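What follows is a set of notes on a single structure, which appears directly below.
The values are calculated or read from the model by the stated rules, or taken from the named source; none is laboratory data. In this text the structure is predicted, and so the values were computed from the model without any measurement. The area values use the complete protein model at the heavy-atom level, side chains included, leaving out ligands, DNA and RNA. Shrake-Rupley method; radii C 1.70, N 1.55, O 1.52, S 1.80 Å.
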Amino acid sequence: MKATWPEPEIVTRKGKPVSVILPIKDYEELLERVEDAADVAWLKRARKKPLRYRPLEEYLAERKVK
């Protein structure tokens, strides 16, 4: 028999919440949302920086040095 929880279960220690038990599907969705939020934050920071273009030769020369 498979146990299912309609909502997350909160685990307490000395009356204070310390952990949560939730279905793996909900956990994976939560991780996906966190990753998406991090991507959006990075994109916002990147858009504030001025664009800098340089010739292809300069880029290739830099790559050879490293």
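Of everything listed in (1) of a type outside the set (Lys, Arg); (2) farther than 21 Å from residue 6 by Cα; (3) open to solvent by less than 100 Å² (accessible area, probe 1.4 Å), the single unmet condition for residue 18 is (2). Of the residues making up region 21-53, those that are more than 16 Å from the chain's Cα centre (by Cα) and either open to solvent by less than 80 Å² (accessible area, probe 1.4 Å) or small (Gly, Ala, Ser) (or both) are 21, 22, 23, 46.
For region 6-20, the set of residues classified as of a type in the set (D, E, K, R) and under 24 Å from the mean Cα position of the chain (by Cα) consists of 7, 9, listed by residue number.
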